[in-house]
Amino acid sequence: MAEHSSHKQNSPEQKHQQRMQKLKNKVDDRIASAQQEKGLLLIITGNGKGKSTSGFGTVLRAVGHGLTASVVQFIKGDWDCGERNILEKCGVDFTVMATGFTWDTQDKSADIAAAQKAWQASELLLKDESIDLVLLDELTYMIAYKYLDLDKVISTIKSRPAHQHVIITGRGCHRQLIALADTVSEVQSIKHAFDDGVKAQQGIDY
Ligand code: ATP
Ligand code: MG
């Protein structure tokens, strides 16, 4: 009799149920122990497509919950940014470094001045208690080109309001920023339409 019931207990459905219960207990334990609340530094880096869209998606998510957000875009001054057209209507301020692609302008000192101006706007946001989320889109390149001082960027991010979230996007993120971040994702490229000669598509690529 006992043998029969133990056999029954181990039916595939029950085995599955037991496994799932175990998993659920583990997840519940982890959720219960993750009690810390803090402003996060998130980095979306890598060569694949999806870094800026992820950043903007998070801004939308935050604004949807009534949080305040602000965006600073480094590099892409001349692009018609679809997200901007919507997010500005939702009270999200945009600061755009107005030089366009550096290989268009070929003027290094103008690029440095523009980068520093956009960084000054970022510094104000990173001191502003009333801003819950700051997106620093394509900031990584400004550090790679040495247009901005890494130590200054790090100390400003470190001393921001405790509740404030920051998202940095861009390829080749500096390892010191990665070390400082709470969450880092690397988007890997498997393939991209551009390699097949398809031009940037409105609504998908910008
Ligand atoms: P997105 O804004 O679409 O999320 P991204 O921020 O990950 O892209 P960026 O390096 O900022 O990528 O490039 C912006 C533009 O370059 C977009 O139009 C994007 O489609 C395109 N792009 C992104 N990754 C690649 C790639 N691997 N090859 C060619 N073009 C790319
Ligand atoms: Mg991008």
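None of the figures in this text is laboratory data; all of them are computed from the coordinates on show. Note that this is a predicted model, so its numbers are computed, not measured. A quick note on method: Cβ atoms are made from the backbone with ideal geometry, for glycine too, and the neighbour counts reach across all protein chains shown.
Charge dipole (Cα centre; +1 on Lys/Arg Cβ, -1 on Asp/Glu Cβ; no other charges) of the chain amounts to roughly 780 debye.
Structure remark: mean-square fluctuation, Gaussian network model of the chain, C-alpha springs under 10 Å; the largest value among Lys49, Lys127, Lys22 belongs to Lys22. Mean-square fluctuations from a GNM of the chain, with a 10 angstrom spring cutoff on Cα atoms, peak among Ala98, Ala34, Ala144 at Ala34. The Cα atoms of the range 5-55 give a gyration tensor whose axes a ≥ b ≥ c have a/c of 1.5 or more with a/b no greater than b/c, which makes the shape oblate.
According to the calculation over all Cα-Cα pairs in the range 39-190, the P(r) per 5 Å bin from zero is 2, 9, 21, 24, 23, 15, 6, 1, 0 %.
With R₀ fixed at 45 Å, the C-beta to C-beta distance from Ser33 to Ser54 puts the FRET efficiency at about 0.95. Here the spin labels are modelled as points 7 Å beyond Cα on the Cα-Cβ line, and at Arg61 and Lys127 they lie 3.0 nm apart. Relative to the longest principal axis of the Cα atoms of the chain, the long axis of helix 108-125 makes an angle of roughly 50 degrees. Residues of the chain were split at every exposed loop site, defined as GluC sites (Glu not before Pro) in a DSSP loop with at most 12 other C-beta atoms within 10 angstrom, and the longest piece left, sites excluded, is 38-128.
Pairs of Cα atoms nearer than 8 Å and 6+ residues apart set the relative contact order; for the range 39-190 it is 41 percent. When the C-alpha to C-alpha distance is required to be over 25 Å, the pairs from Lys24/Lys191; Lys51/Lys158; Lys38/Lys191; Lys117/Lys146; Lys127/Lys152; Lys49/Lys199 that qualify are Lys24/Lys191; Lys38/Lys191. Mean residue ellipticity, 222 nm, helices only, the chain: the sum of -39500 (n - 2.57) across DSSP H runs of n ≥ 4, divided by residue count and rounded to 500, is -13500 deg cm²/dmol.
Here the Gaussian network model covers the chain, with springs between Cα atoms less than 10 Å apart; of Ala32, Ala114, Ala181, Ala32 fluctuates the most. Does the range 106-206 classify as rounded, prolate or oblate by the C-alpha gyration tensor (a ≥ b ≥ c root eigenvalues; a/c under 1.5 gives rounded; else a/b over b/c gives prolate, otherwise oblate)? Because a/c hits 1.5 or more and a/b exceeds b/c, the range 106-206 counts as prolate.
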